[in-house]
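The values are calculated or read from the model by the stated rules, or taken from the named source; none is laboratory data. Not measured: the values here are computed from a predicted model. Cβ placement follows ideal geometry from the backbone for every residue including glycine, while neighbour counts extend to all protein chains displayed.
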Amino acid sequence: MSDTTQTYSMDELVSLCKRRGFIFPASEIYGGINGFWDYGPLGTALKNNLRDRWWQDMVKRPPIGPDGNEISIVGLDSSIIQNSKVWEASGHVGGFNDPMVDCRETKSRYRADHVCCIGLKGDATGQIYAFIEGDDDSLESAKKKLSKYIKRDISDDDLDTCALTSLSTDELAITVGPDTKSVGTLTEPRQFNLMFETSTGAVKSDDSKVYLRPETAQGIFLNFGNVVDTMRVKVPFGIAQIGKAFRNEVTPRNFIFRSREFEQMEIEWFCHADEAEHWFEFWCETRSKWWQSIGLTTDNILMRKHDSDELAHYAKEGCGTFDIEYRFPFTSPNFGELEGVAHRGNYDLTRHQEFSKKKLGYFDQAKNERYIPHVIEPSAGLSRGTLALLCEAYTPDPERASKMYMAFHPSIAPIQAAVFPLVGKDGMPEIAHKLWSELRERWDVVTDVKQSIGKRYARMDEAGCPFCFTIDGDTASDQAVTVRHRDTQQQERIALDQVSAFMAERI
RNA sequence: GCGGGCGUAGCUCAAUGGCAGAGCGUCAGCUUUCCAAGCUGAAUGUUGGGGGUUCGAGUCCCCCCGCCCGCUCCA
């Protein structure tokens, strides 16, 4: 699908996923659970293929670096649950566990219990001015704005002061935020417990509280020292990890695009600060090409630099953040994030060094220099990647029996080939079984004897199987089979002993 | 979190407050020599869940859950 206009709805894709065993709603027999999904046999195969391809291309045989030499990346699989101090150091706890108020205009976020308000005594219809508690400048600013609004000087006796959290919805609508001049820009105070909590040990208490990781990245930073000490790696190098992460999203939406449990494929690339910029460019380009190599077309992929006001807390400085975005049916004609390439500076290692009191620097023997490496982080969504592959593959075709087919790239298709006897007699099933046994040693191959050949082809169209090999009445004598191509529906005749070579050439 | 819409078999949908059905798919048998063919048969339902009104609820009312859309959110 390289058209800018989508020719199918998300409902059709969700329905196909359910009907053909790609993705099911989690806990479906109990009415489901918002934000969670189960991968069926074909979905699991597709996701695993994507995952394995990433690991193969990034870790086992990583890309060639800008200087023409192989870069160095090692793998890691860290625990989902870590010491809670990890998330204090990373900034995930603290700013996000208290009720927060956002300003829609300035995008500032305030702790709701740290914001107070002033208003004119006895005036319920005028404007209310918020300021930050204990911040004299903020209070003065609020007083000035009030004074200007009522067009006269005010004394403290004229003022009513109250906590922001005590305001009603109506009052909030006439409130001016601490850093803005417009009214009604503040959101209602909200609890941002975006990390899932659980506890360790038999007795539940505040001391036993732990969190499910909201990103896989921190596990890599925690083990930076261990990897440097044990693996004889030299900066620049990368540590890669694939695994689940959990975010208690306010609004899970758009199928598996924003779910509460999802999988990430992340690389933390450690380099010298002076080289961060050129590594950043290297990774933006490398990762963009990679997505295209697995079948996402150029038209539907977009590289987009974040505006400065949408940068994450760890990426305020440096090269910024690039999104690799995909045009999903539910975002079209706009794009949704597939992968973020972020320059995290040395924020994380510095914070962990500070909180843990353990040295997390790197000593460069050649330059005789000690420093905390900067980090370029290509962080890809495995779940979102799987969704992008599904969206990209879904191709309506009113002409054929299935009305559509899934045009997966042969290398990542959950079923890579099917072997069919044209009919279930005259020795054809036996030949089919033999060919299937041979092919399944190397590829994901199915065989099916039952029902008409057209019905079996149609099923393979829905599953996205690129090649069907059909044994007919002539095969026994001429030692040849018919190959049926999924995308074109065209057929060609090839020698039985050339089927493996045919597959090897195309996958 | 707010507002709107929706929820009946695997899918698409019927059923005036009165026996829960059809088509497709799935499975079995026969048939079938290249694109969901045909014949015969079978399985599949707590009508999303719970409560209420009623002689009687898929249908009316209430609560909850889930999905979709628009806001909000997305560090």
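For the range A:268-289, the candidate set comprises residues that are in a helix (DSSP H, G or I) and in contact with a strand residue (DSSP E or B) (Cβ under 7 Å, 6 or more places away or on another chain); within that set, the residue that is surrounded by the fewest Cβ atoms within 10 Å (Cβ to Cβ) is A:ALA273.
Applying the condition of being at pLDDT 90 or above and of a type in the set (Phe, Trp, Tyr) to the range A:322-369 and asking which residue is surrounded by the most Cβ atoms within 10 Å (Cβ to Cβ) yields A:TYR326. Looking only at the range A:43-66, decide whether some residue is under 28 Å from A:ASP487 (Cβ atoms), assigned to a loop (DSSP other than H, G, I, E, B) and more than 15 Å from RNA strand B (Cβ to nearest atom). No, that holds for no residue.
Scan the range A:15-33 and report the pairs whose first residue is within 23 Å of A:TYR394 (Cα to Cα) and whose second residue is near RNA strand B (Cβ under 8 Å from one of its atoms) and assigned to a helix (DSSP H, G or I), with Cβ atoms within less than 6 Å and a gap of 6+ or a chain change. What qualifies is A:ARG20/A:GLU462.
Each row is one residue, and each column tells you yes or no for (1) more than 14 Å from RNA strand B (Cβ to nearest atom); (2) at pLDDT 95 or above; (3) more than 33 Å from the chain's Cα centre (by Cα).
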{"residue": "A:MET404", "(1), (2), (3)": "no, no, no"}
{"residue": "A:ALA407", "(1), (2), (3)": "yes, no, no"}
{"residue": "A:ILE412", "(1), (2), (3)": "yes, no, no"}
{"residue": "A:GLY424", "(1), (2), (3)": "no, no, yes"}
{"residue": "A:GLY427", "(1), (2), (3)": "no, no, yes"}
{"residue": "A:GLU430", "(1), (2), (3)": "no, no, yes"}
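Among the conditions (1) touching a His at 6+ places or on another chain (Cβ under 9 Å); (2) within 8 Å of RNA strand B (Cβ to nearest atom), A:ILE453 misses just one, which is (1).
Please enumerate the residues belonging to the range A:409-432 that are small (Gly, Ala, Ser), crowded, with 19+ Cβ neighbours inside 10 Å and more than 21 Å from A:GLY43 (Cα to Cα). Talk me through it step by step, then tell me what you get.
Quick first cut of the range A:409-432, residues small (Gly, Ala, Ser) only: A:411, A:413, A:417-418, A:424, A:427, A:432.
From the residues that got through so far, the ones that are crowded, with 19+ Cβ neighbours inside 10 Å too are A:413, A:417-418, A:432.
Within the range A:409-432, just A:ALA432 meets the criteria.
Among the residues of the range A:158-179, those that are buried (at least 17 other Cβ atoms within 10 Å of the Cβ), in a loop (DSSP other than H, G, I, E, B) and out of contact with any helix residue (DSSP H, G or I) (no Cβ under 6 Å at 6 or more places or on another chain) comprise A:LEU167, A:GLY177, A:ASP179.
The set of residues in the range A:180-213 that are hydroxyl-bearing (Ser, Thr, Tyr), away from RNA strand B (no atom under 15 Å from the Cβ) and part of a loop (DSSP other than H, G, I, E, B) comprises A:THR200, A:SER205. A:ALA417 meets all of the listed conditions (1) free of Cβ contacts under 8 Å to residues at least 24 places away in the same chain; (2) over 28 Å from A:THR216 (Cβ atoms); (3) small (Gly, Ala, Ser) but one, namely (1).
If I filter the range A:463-475 down to residues being more than 19 Å from A:SER437 (Cα to Cα) and either β-branched (Val, Ile, Thr) or surrounded by fewer than 21 Cβ atoms within 10 Å (Cβ to Cβ) (or both), which single residue comes out as nearest to RNA strand B (Cβ to nearest atom)? The residue in question is A:GLY473.
Across the range A:214-267, the number of residues qualifying as outside any helix (DSSP H, G or I), within 16 Å of RNA strand B (Cβ to nearest atom) and touching a His at 6+ places or on another chain (Cβ under 9 Å) comes to 2. Looking across the range A:412-435, the residues that are hydrophobic (A, V, I, L, M, F, W, C) and within 15 Å of A:PRO466 (Cα to Cα) come down to A:ILE412, A:ALA413, A:ILE415, A:ALA417, A:ALA418, A:VAL419, A:PHE420. Assess whether A:ALA401 counts as being loosely packed, with under 15 Cβ neighbours inside 10 Å, closer than 26 Å to A:GLU12 by Cα and hydrophobic (A, V, I, L, M, F, W, C). Spelling it out, A:ALA401 is indeed loosely packed, with under 15 Cβ neighbours inside 10 Å, closer than 26 Å to A:GLU12 by Cα and hydrophobic (A, V, I, L, M, F, W, C).
Please work out if A:TYR394 is aromatic (Phe, Trp, Tyr), in contact with a helix residue (DSSP H, G or I) (Cβ under 9 Å, 6 or more places away or on another chain) and within 16 Å of RNA strand B (Cβ to nearest atom). Full working, then the answer.
Values: aromatic (Phe, Trp, Tyr): yes; in contact with a helix residue (DSSP H, G or I) (Cβ under 9 Å, 6 or more places away or on another chain): yes; within 16 Å of RNA strand B (Cβ to nearest atom): yes.
Considered against the rule, which asks whether it is aromatic (Phe, Trp, Tyr), in contact with a helix residue (DSSP H, G or I) (Cβ under 9 Å, 6 or more places away or on another chain) and within 16 Å of RNA strand B (Cβ to nearest atom), A:TYR394 comes out as yes.
Could you grab me the full set of residues in the range A:432-450 that are in contact (Cβ under 8 Å) with a residue 24 or more places away in the chain and more than 9 Å from RNA strand B (Cβ to nearest atom)? Break it down into steps so the answer makes sense when it comes.
Looking only at the range A:432-450, we keep the residues that are in contact (Cβ under 8 Å) with a residue 24 or more places away in the chain, and these are A:432, A:435, A:438-439, A:442-450.
Correct list: A:ALA432, A:LEU435, A:GLU438, A:LEU439, A:ARG442, A:TRP443, A:ASP444, A:VAL445, A:VAL446, A:THR447.
Does A:VAL419 satisfy the condition of being at pLDDT 95 or above, over 31 Å from the mean Cα position of the chain (by Cα) and over 28 Å from A:ILE301 (Cβ atoms)? I'd like the intermediate steps shown before the answer.
Details: at pLDDT 95 or above: yes; over 31 Å from the mean Cα position of the chain (by Cα): yes; over 28 Å from A:ILE301 (Cβ atoms): yes.
Answer is yes for this residue.
Out of contact with any Asp or Glu (no Cβ under 7 Å at 6 or more places or on another chain) and either more than 16 Å from RNA strand B (Cβ to nearest atom) or on the phi > 0 side of the Ramachandran plot (or both): is that true of A:GLN416 in this structure? Considered against the rule, which asks whether it is out of contact with any Asp or Glu (no Cβ under 7 Å at 6 or more places or on another chain) and either more than 16 Å from RNA strand B (Cβ to nearest atom) or on the phi > 0 side of the Ramachandran plot (or both), A:GLN416 comes out as no.
Scanning the range A:476-507 for residues that are among the β-branched types (Val, Ile, Thr), within 11 Å of RNA strand B (Cβ to nearest atom) and not in a strand (DSSP E or B) yields a single hit, A:THR488.
Please determine, by comparing only the residues of the range A:234-264 that are hydrophobic (A, V, I, L, M, F, W, C) and under 13 Å from A:ILE73 (Cβ atoms), which one is nearest to the chain's Cα centre (by Cα).
If we filter the range A:234-264 for residues that are hydrophobic (A, V, I, L, M, F, W, C), which is where we start, we get A:235, A:237, A:239-240, A:242, A:245-246, A:250, A:255-257, A:262.
Filter once more, keeping what is under 13 Å from A:ILE73 (Cβ atoms): A:235, A:237, A:239-240, A:242.
Working: A:VAL235: 27, A:PHE237: 23, A:ILE239: 18, A:ALA240: 15, A:ILE242: 11 Å.
The qualifying residue nearest to the chain's Cα centre (by Cα) is A:ILE242.
Please count how many residues of the range A:67-116 are within 13 Å of RNA strand B (Cβ to nearest atom), at pLDDT 85 or above and buried (at least 16 other Cβ atoms within 10 Å of the Cβ).
Qualifying residue count for the region: 4.
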